[in-house]
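Notes follow once the structure below has been shown.
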Amino acid sequence: AAMVQKYQSPVRVYKHPFELIMAAYERRFPTCPLIPMFVASDTVNEYKSEDEAIHVIERRCKLDIDAPRLLKKIAGVDYVYFVQKNSLNRRERTLHIEAYNETFSNRVIINEHCCYTVHPDNEDWTCFEQSASLDIKSFFGFESTVEKIAMKQYTSNIKKGKEIIEYYLKQLEEEGITFVPRWTPPVACKLESSTSHPRRPVSPAINIPDSATKEGLNNKEILNTSSSPSEPTAGTPDDKLDADYIKRYLGDLTPMQESCLIRLRQWLQETHKGKIPKDEHILRFLRARDFNIDKAREILCQSLTWRKQHQVDYILDTWNPPQVLQDYYAGGWHHHDKDGRPLYVLRLGQMDTKGLVRALGEEALLRYVLSINEEGLRRCEENTKVFGRPISSWTCLVDLEGLNMRHLWRPGVKALLRIIEVVEANYPETLGRLLILRAPRVFPVLWTLVSPFIDDNTRKKFLIYAGNDYQGPGGLLDYIDKEIIPDFLGGECMCEVPEGGLVPKSLYRTAEELENEDIKLWTETIYQSASVFKGAPHEVLIQIVDASSVITWDFDVCKGDIVFNIFHSKRAPQPPKKDSLGAHSITSPGGNNVQLIDKVWQLGRDYSMVESPLICKEGESVQGSHVTRWPGFYILQWKFHSMPACATTNLPRVDDVLASLQVSSHKCKVMYYTEVIGSEDFRGSMTSLESSHSGFSQLSAATTSSSQSHSSSMISR
């Protein structure tokens with residue numbers, strides 16, 4: 001299959017007049033010691049116009065290509081011949097160079113075009129540009145080798161081009177030549193030439209206002225002088241990129257990388273209506289796909305569509321984050337790291353992710369994260385100006401002090417994963433470094449859940465410190481100046497990032513409110529609701545095949561008080577019969593309510609309790625997990641919690657009597673979500689789960705004493 005490689009250079013600006021550059025350029029013929037592979041050249045054809053304004057010269061160049069001897073032997077050649085045709089127009093002050101290969105022209109097609117022209121805004125400067133294409137039809141089965149050799153030779157020569165011109169300019173200067181006069185028409189034919197074909201004046205560039213209006217003011221320099229005189233603009237024709245601009249604002253790119261950027265940018269300008277992303281952003285997509293232009297174009301286009309759909313370009317100007325976020329989202333920008341990258345600080349351990357999702361829904365949270373990323377792009381641009389070098393990514397410092405099981409709330413983790421996915425797709429290569437500090441023992445669980453969603457390139461930038469390791473050698477001081485280490489990490493710098501803390505329940509939105517949202521919140525699909533009646537608990541069956549799995553649960557008691565149990569049984573319970581006139585079909589007028597435990601089963605014989613019963617009050621959220629010891633059937637049960645009679649008299653209390661008179665008090669409502677995680681996904685973090693009880697509610701005392709069953713449930717009021 002034929003492979004076509006294309007190359008397009010940025011514009012290189014020489015701050016010397018065209019005529020002097022030409023004098024330097026001519027010195028590389030017939031041979032040039034600076035290009036060792038350029039062995040010889042012969043003139044094949046030459047033409048000069050009468051007035052000497054036009055000079056066309058065609059040369060046959062002999063190249064000694066640096067290729068493996070074996071390949072030269074197979075190909076049967078020692079040298080490769082190229083034809084180079086140079087057309088100099090002294091009147092217009094341009095030189096066009098066309099080159100193509102003569103050797104193997106039926107197998108390989110190489111075309112190159114270069115041009116030297118006068119800088120559009122300064123007639124004493126010269127611009128240089130080149131483009132090329134390489135099409136390998138066949139080469140004795142060595143197509144890819146030839147391609148690699150050709151690309152390598154070509155890119156090394158591109159780099160040399162500038163040095164060669166500068167070398168000969170210096171040589172000219174040493175010989176005392178610093179000025180070469182411009183071409184002027186011979187006196188004799190001056191009159192005749194002006195009448196027969198009127199030409200434009202020799203140097204139209206002086207008359208700037210005039211030419212500017214003629215060209216429809218498409219010239220950047222002219223427009224920019226008024227708006228921002230301080231910023232040096234790339235004064236290149238037709239909005240092309242110049243080499244100095246690339247180096248200053250985008251960094252050191254190889255010739256092929258520059259070419260990819262220029263071609264992708266050109267393609268966008270030609271095909272894209274609307275706003276074209278900034279050069280540094282286009283470059284991020286290229287980097288994310290190792291400069292494969294087709295793959296980069298694909299993800300960039302998807303991202304541009306996404307930006308349009310979600311109005312992301314306007315997010316910073318038009319969107320005001322809800323107060324809850326401003327108060328409880330424990331993240332913010334904080335100066336910059338040692339490399340000048342903007343620094344974002346996130347106190348994840350102090351943040352109530354569950355509360356934020358419940359109060360805001362996932363969309364607002366995602367929008368907030370997007371606005372943070374947009375701000376990040378803006379800060380990179382600003383720092384690039386301030387520090388005088390390209391800065392295209394930021395550093396993120398995540399403090400996990402306080403991380404606990406609440407952060408493993410599954411819907412919260414799922415929200416996090418979706419947010420990571422959106423950010424990975426639309427802000428590639430923006431994370432320069434991620435410092436994770438004070439990672440507790442529960443961290444590996446969160447990490448195993450999140451890491452598959454993170455791009456390999458990104459993952460290499462993570463540094464994780466447990467406990468106070470960040471204060472030691474190789475710690476934070478390697479990356480952040482002492483003066484700006486935040487106070488909460490033992491530094492001297494006041495950090496404005498909000499403290500976080502629990503989002504008050506009063507700010508939670510009800511299931512109904514969430515349903516009325518335009519965007520159906522995805523949490524509804526995760527949770528199921530169930531009704532629990534006096535004498536009719538709700539039960540869920542989980543079948544376990546692999547003995548050491550982890551059953552996780554997460555439920556909210558919406559109404560009433562309940563008792564939560566988890567049982568194990570070796571045999572499968574019979575599915576409930578819908579037509580039976582048993583207790584539950586009478587007592588459950590509505591709602592999801594299932595009993596699985598047969599009335600004839602006996603506790604201790606047919607099934608066993610694997611966790612102590614947990615009493616949960618109305619309005620509580622409970623999360624927990626149980627590591628299974630045996631395969632078989634596990635039953636999660638939510639049971640009506642009947643209030644105990646008064647202990648002293650054994651007579652019912654007045655409240656209880658009143659309560660029992662209200663029919664609805666016999667019905668409780670639960671929203672629940674369960675999931676089984678394979679033990680391998682919990683890699684080595686069993687102990688960490690176990691150790692994370694201590695900080696939780698009264699529950700740590702209530703968990704089973706059996707050393708082999710680790711469980712933890714936490715209640716948040």
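The values are calculated or read from the model by the stated rules, or taken from the named source; none is laboratory data. What you see is a predicted model; the values in this text were computed from it and never measured. Virtual Cβ from ideal backbone geometry, glycine too; neighbours counted across all protein chains shown. Note: accessible area is taken over every heavy atom of the protein model, side chains too, but ligands, DNA and RNA are not part of it. Shrake-Rupley method; radii C 1.70, N 1.55, O 1.52, S 1.80 Å.
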Carbon/sulfur accessible area of the range 333-391, % of total, 1.4 Å probe, equals 45
Most packed first (mean Cβ within 10 Å per residue), the peptides 146-152, 253-259 order as 253-259, 146-152
In whole percent, the fraction of accessible protein surface over the range 241-309 that belongs to carbon or sulfur atoms, probe radius 1.4 Å, stands at 49
For His113, the accessible surface traced by a 1.4 Å probe with all protein chains present amounts, in square angstrom to the nearest 10, to 60
For the range 153-170, Karplus-derived ³J(HN,Hα) couplings (6.51, -1.76, 1.60; θ = phi - 60°; whole Hz; x for glycine and proline) come out as 4, 5, 5, 5, 6, 4, 4, 6, x, 5, 4, 5, 4, 5, 4, 6, 4, 5
Quick calc, the range 69-149, dipole around Cα centre from Cβ unit charges on Lys, Arg (+) and Asp, Glu (-), nearest 20 debye, gives 500
As straight-line cross-link partners of Lys669, the qualifying lysines (C-alpha separation under 17 Å, not fewer than 8 residues apart within one chain) are Lys534, Lys559, Lys617, Lys639
Total charge of the residues flanking Gly161 in space, meaning their Cβ is under 14 Å from its Cβ, with Lys and Arg +1 and Asp and Glu -1, is +1
Expressed in nanometres to one decimal, the distance between label points 7 Å along Cα→Cβ at Ile35 and Ser529 is 7.8
On the accessible surface of the range 3-173, probed at 1.4 Å with all protein chains in place, carbon and sulfur together account for a percent value of 52
If the chain between Lys338 and Glu496 were fully extended at 0.36 nm per residue, the gain over the current Cα-Cα distance would be 54.9 nm
At the level of C-alpha centres, the distance separating the range 282-357 and the range 26-59, in angstrom, is 54
Set Lys159/Lys385; Lys48/Lys152; Lys247/Lys460; Lys62/Lys160; Lys308/Lys505; Lys6/Lys247, cut-off 29 Å on Cα-Cα distance; pairs above it are Lys48/Lys152; Lys308/Lys505
Surrounding charge for Leu300, neighbours by C-beta under 10 angstrom, Lys/Arg +1, Asp/Glu -1, total +3
